[in-house]
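Coordinate-derived values only; no laboratory data. This structure is a prediction, so every number in the text was calculated from the model and none was measured. Neighbour counts run over all protein chains shown; Cβ positions are idealised from the backbone, glycine included.
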Amino acid sequence: MLRVRFAPSPTGFLHIGSARTFIFNWLYARRNGGVMILRIDDTDIERNTDASLQSIFEGLAWLGLAWDEQYRQSDRLDLHRQAAATILEKGLAYRDFTPATHDEGERPRDAAQWLFNADMANLTPAESQRRADAGEKFVVRYRVPRDVTRDIEFLDGVYGHQSKSTADIEDFALLRSDGTPTYHLASCADDAALGITQVIRGQDHLSNTFKHILIFDALGGDVPSFAHLPLLVAPDGTKLSKRRHGPVVSVTTYRDAGFLPQAFVNFLCLLGWSPKNDREQLTLPELIELFSFDGINRSNAVVNFSELEPFDPKALWLNAQHLRSMPIEELLPFAEAELDRAGFSLPPGCDRQWLAATLDMLRARYQTLKDFGTRARPYFRDDFPMDDEALSRLDKPGAREGLRTLAERLAKLPEFTEAAVEAELRGLAAERGEKAGLLINAARSALTGQAVGPGAFHLFTAIGRERSIERLREV
RNA sequence: GGCGCUAUCGUCUAACGGUUAGGACGGAGCCCUCUCAAGGCUUAAAUACGGGUUCGAUUCCCGUUAGCGCUACCA
């Protein structure tokens, strides 16, 4: 059975890079009929926060991609300690009684000294046990083979064949001096215990994988296969971080900016992966169908944002594409939530069908859900601002007078349809010896306060006879 | 410093030895048109550098350069 996991550590909000890792895992699981597991890697008690945990669940909930099983590493500390004990018993690890030093700058960088501490590695089991029993603090380190060096190898699903000599791997820690497991140990022990078959994670773990293979071997279980994903970086080429790049790195920022989750997922997938068929706009089912490691790139992908343009233009474009092409019924809940937030309610006499038709008309020129809460105001409320550009259309000679005349004629119209309004308006313009555009543009301005928007005749029917006439009279 | 990874238009990418190096976003222009979008068309824009291998390299190999990652009792 294929089993994959997404294992975030709750030390910050849900990062878009993490979200992408989650998505790729999810896609892989769904594509191949596997099980998707969410595991909270909270072994760093110092840095974990509840707010972060909150942010992760909030972000994942928004993406709308469900997982099948859920675990939390802090519930599994016994398993981790047991794993460490097993490795220690096998002689594949040793106790290091050296006190912790926090000045890493002091670590030797040139020689091979950093690899291991010979004094500690060579302590006899009896001596090691005696000092431990005496209550001396120690960290448990993996005993990387030194007498004979060999190459650790694996075939990465994305990066291909990987190899590293044990001579270049240091004796890394398994257990801290307070007895808690390090990331490496906890992650591998859990991957083994949970039967993870494919580890799909960020490329920043590529070099760690050699250590992980050593741990899996020491534990005696199967080594999962690995696939590493290129990193998402900022335009300056550095890893995305909140401190340096601000809120654009957080998933909830996109949610709050009016992105559609499916469009956002689509965007993230295109960063570092290609379906290779020149298609860009893809639905979730299509992504599942098309997803494969073959299409994953090996170089980092830049998320293109700046102070001026806080969101990648392609993300915006994709959002607009999804916005206007998804079934209107699916869009409705998202749009309604936005209208609610803005305090807009259905105008008198308008039903859900009117709402669907009106939003359908508007969405072709909207980019994010936020537009429904701002630009759609004149369709829901009678108090709306008048743009300068709209005002100048009204100020054209004869425009206001023409609109007032039009209002009276529309009031007498037997049927208030798009075609009837158009005939009436064009007729009036002809009578007055003016171009129809003058009245058309002025009407749009009067009706919505906006110089730009949907076709004017369509507008009349959307806003309705009564309100339209009212607004024309008031110019 | 050591080790690992990477390198195609501004950005995301296609081309798995032979193409006028393709597409998308963004930019510019045109068309459509009652405005704005949308849509259609056109256009500018890339193989980091140097060596090989080969009849032929974006593609394979080596080197240089640059970037990124790991090198913690972080993950």
| Dipole of segment A:315-354, Cα-centred, from +1 at each Lys and Arg C-beta and -1 at each Asp and Glu C-beta, to the nearest 20 debye? | 120 debye
| request: Quick one: work out the % antiparallel among DSSP beta bridges in chain A, nearest 5. | output: 50 percent
| query | Amide H to amide H under 5 Å from A:I296: which residues, 5+ apart in sequence or cross-chain, H placed 1.01 Å off N in plane? | reply | A:S274
| field | Cleavage-rule hits, trypsin sites (Lys or Arg not before Pro), segment A:351-443, DSSP coil, Cβ neighbours within 10 Å at most 14 | value | A:R365, A:R381, A:K435
| field | Over chain A: helical MRE at 222 nm, DSSP H runs n ≥ 4 each giving -39500 (n - 2.57), nearest 500 | value | -13500 deg cm²/dmol
| field | Positive-end residue, chain A charge dipole about Cα centroid, Cβ charges, pick of A:F172, A:A436, A:A134 | value | A:A436
| query | If one puts a single equal scatterer on every Cα of chain A and applies the Debye formula without solvent, what log₁₀ I(q)/I(0) results at q = 0.09, 0.13 Å⁻¹? | reply | -0.73, -1.17
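Can you compute the equivalent ellipsoid semi-axes for segment A:79-175, i.e. the square root of 5 times each eigenvalue of the Cα gyration tensor, sorted largest first and rounded to whole Å?
They are 26, 18, 13 Å, listed largest first.
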| field | Radius of gyration, Dmax [segment A:192-259; alpha carbons; angstrom] | value | 16.7, 49
| said: Could you tell me the extents of segment A:264-329's C-alpha atoms along the three principal axes, largest first, rounded to whole Å? | reply: 37, 35, 16
| message | If you filter segment A:283-359 for GluC sites (Glu not before Pro), then keep DSSP loop positions with at most 15 other Cβ within 10 Å, what is left? | response | A:E307
| message | Output needed for segment A:162-235: three equivalent-ellipsoid semi-axes, defined as square roots of 5 times the C-alpha gyration tensor eigenvalues, in descending order, whole Å. | response | 20, 16, 14
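Can you tell me the mean projection area, over all orientations, of the convex hull of segment A:388-473's alpha carbons? Units nm², please. Show your work: numbers first, answer last.
Working: hull surface 18.7 nm².
The directionally averaged projection comes out at 4.7 nm².
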